[in-house]
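Here is the structure we will look at, set down as structure tokens.
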Ligand SMILES: NC(=O)c1ccc[n+]([C@@H]2O[C@H](COP(=O)([O-])OP(=O)(O)OC[C@H]3O[C@@H](n4cnc5c(N)ncnc54)[C@H](OP(=O)(O)O)[C@@H]3O)[C@@H](O)[C@H]2O)c1
């Protein structure tokens, strides 16, 4: 396993992080709790020490399952959790206010069955609360021992001015990034280099399209979010482009005796400097396929080929 210390922190984490979205048991097709728990155990056995979740994933179910799976191993790992998105009867709203932050954190701690969260992140900004207020609230909770560090997610150039004054306070930033989604690459590089935030990539397998198992005949069940058009990786022109990228990945995977998922992960680890790759996994075999992304190298020619086909 490869490890990295998150910027401005002493959080040493594996560069592969298990994403908790499928653990929510909602909107990802069929998932079985026992397989999810075994997936976490497989990750632990292979040196993965970083686990990401959010209070919205399955409306708390992801945190419950993760806490249950980690059990006595909790102190050995780094848990990243998120707040700020509220799902209610009237749809989705966003809230980063100090009152809601403290309330959301207490609820998450309870569901995880722990008394601290290592990395507490703003899932999405609410468009109202200044980042300075969020940082001050987080700092108070850090002093109270409820969180160790705090991070951000889904931030872009319009947030840079506010971030300037807060350099060194937040330690990380999540955004979508993969061979199927390069649009945030410049922002992530700037956020790392100019604002001192470690990039954590989500959708790293393009929600599964980069594993090579989906094609034009694929249909998703209604209980799978990828059936919806907004999951662009599986629809229209974007799907065709992704299938072209998959074809370019195949000879590279074969040359190294690796699954395609490993090539998708390796590209991020090599191309996005000092990053951590978040990958959702439903069962142990998927975790094993993703661990294969670590501890090897793409040749410069392979990197160039992947860079060009996905540009
Ligand atoms: N900050 C944010 O706003 C944000 C947003 C989204 C996600 N995230 C985080 O980032 C994590 C990763 O993103 P994601 O889960 O959305 O997408 P992803 O990691 O790109 O794709 C995950 C899906 O790919 C399939 N898969 C995983 N490993 C596989 C393997 N080795 N072989 C074949 N199929 C495999 C599984 O679904 P199937 O088997 O059904 O194909 C799995 O659910 C999330 O879990 C979450 O923790 C954060």
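Here is how the numbers come out for the structure above:
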| item | result |
| --- | --- |
| Paramagnetic label zone (point 7 Å from Cα along Cα-to-C-beta, residue 189; backbone N under 20 Å) in region 287-311 | 298-311 |
| All Cα pairs of region 6-131, percent lying beyond 20 Å | 44 percent |
| Max mean-square fluctuation residue, GNM over the chain, Cα-Cα springs under 10 Å, options 80, 107, 180 | 107 |
| Inter-site label distance for residue 107 and residue 228 at 7 Å from Cα along Cβ, in nm | 1.9 nm |
| In range of the label at residue 297: residues from region 250-274 whose backbone nitrogen is under 14 Å from the point 7 Å along Cα→Cβ | 270-271 |
| Column: log10 I(q)/I(0), Debye, Cα scatterers of the chain, q = 0.07 Å⁻¹ | -0.25 |
| Three-way shape label, region 111-205, alpha-carbon gyration tensor, a/c 1.5 | oblate |
| Residue 158 paired with residue 115, simple spin-label distance in nm, labels 7 Å along Cα-to-beta-carbon | 4.2 nm |
| Gaussian network model of the chain, springs between alpha carbon atoms under 10 Å - residue of 280, 60, 145 with greatest fluctuation | 145 |
| Relative contact order of the chain, pairs being alpha-carbon contacts under 8 Å that are 6 or more residues apart, as % | 20 percent |
| Sorted by Cβ density within 10 Å, fewest first, the residues 306, 200, 12, 36 | 12, 306, 36, 200 |
| Residue-averaged 222 nm ellipticity for the chain, from DSSP H runs of 4+ at -39500 (n - 2.57), nearest 500 | -11500 deg cm²/dmol |
| Degrees, to the nearest 10: 236-256 long Cα axis against longest axis of the chain | 70 degrees |
| Spin-label zone in region 7-47 - amide nitrogen under 13 Å from a point set 7 Å from the Cα of residue 218 along the C-beta vector | 29 |
| Helix axis angle, 61-70 relative to the chain longest principal axis, alpha carbon, degrees | 80 degrees |
| Neighbour-count ranking [beta-carbon atoms within 10 angstrom, fewest first] of 116, 57 | 116, 57 |
| Relative contact order computed over region 240-311 (Cα-Cα under 8 Å; 6+ residues apart), in percent | 39 percent |
| For 249, 138, 239, order by how many other beta-carbon atoms lie within 10 Å, fewest first | 239, 138, 249 |
| Selected from 143, 258, 250 as most flexible by GNM, with the chain as the system and alpha-carbon contacts under 10 Å | 143 |
| Relative contact order [Cα under 8 Å, 6+ residues apart], region 71-221, whole percent | 17 percent |
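Bear in mind that the values in this text are calculations on the coordinates, not laboratory data. Note that the coordinates shown come from a computational prediction; the quantities given were computed from them, not determined experimentally. So basically every Cβ, Gly included, is an ideal-geometry build from the backbone, and we count neighbours across all protein chains shown.
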